[in-house]
Structures are given as structure tokens and as C-alpha cells.
Amino acid sequence: MARKKMLRHEKYLIEKDQEHGIFLSGDTEIAANIDVYKAVERNMMFAKLRKTIQQLNEKEQYLITCIYFRDMTIRQYAKEQHIAYATAWERHDKLLKKMKNVMISV
């Protein structure tokens, strides 16, 4: 009877550890560390992206905001700005290349 209670308590403690991200077995510990590294890497990339967007001029920031944060299509952006679709596409393409170069250098 006491052994059954002890096993049930151990299972409870393991579940609580897992809820809080604490893993004691070897495989899950490695998996948890990989997730942490991915999260850190993702946060660093977002910080780099924010810094890059802040370096853009107002017009470029507006284009990025419309396309990627307001889910507008390039066609909708072109219509809103009263420019040709091809012009909007070229601006978008040049802007992405510019951002890529800035992110690499930052």
C-alpha cells in the first residue's frame, strides 16, 4: 500500500515538473534545451528585425507595415498609394533586398 502511494506521489511530482518545464530524464532534458536555444535565437532575430525596420524611412516602414502586419496584398497597397502594381512590386522587392543587407551587417 505504501509503495503504491509513493509511486502515485512520484508520478504527480514528475507531472508538476513537466508543467514547469523541468525535465529529469536525459532525452527530454536535451529536447528542453534545444527549445530554449530556438527561443533565444528567435528572439534575437526579432530584435534584429525590429532594429532594421527602425532604420527604414517612413515610406518603407509603411510598406512593410501594410504587407506584413496588416495583411494587405501588394495589389491592395498599390491601389491605396495610387501607383502601378509593378511599381509597388519593385519597391517591395528592393526593400526586402535592402533589409537583408542591413540585417546581415547589423
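Residue check: residue 60 meets all listed conditions (1) surrounded by 14 or more Cβ atoms within 10 Å (Cβ to Cβ); (2) without any contact (Cβ under 8 Å) to a residue 12 or more places away in the chain but one, namely (2).
Each residue in the stretch 63-106 was checked for being aromatic (Phe, Trp, Tyr) and within 20 Å of the chain's Cα centre (by Cα), and 2 pass.
Of the candidates 14, 67, 22, the single residue that is in contact with a His (Cβ under 7 Å, 6 or more places away or on another chain) and modelled with pLDDT under 95 is 67. For the stretch 26-44, the criterion of being at pLDDT below 90, assigned to a helix (DSSP H, G or I) and among the basic types (Lys, Arg) is met by at least one residue.
The values are calculated or read from the model by the stated rules, or taken from the named source; none is laboratory data. Keep in mind it's a predicted model, so treat the numbers as computed, not measured. Quick reminder, even Gly has a Cβ in these numbers, built from the backbone with ideal geometry, and neighbours come from all protein chains shown.
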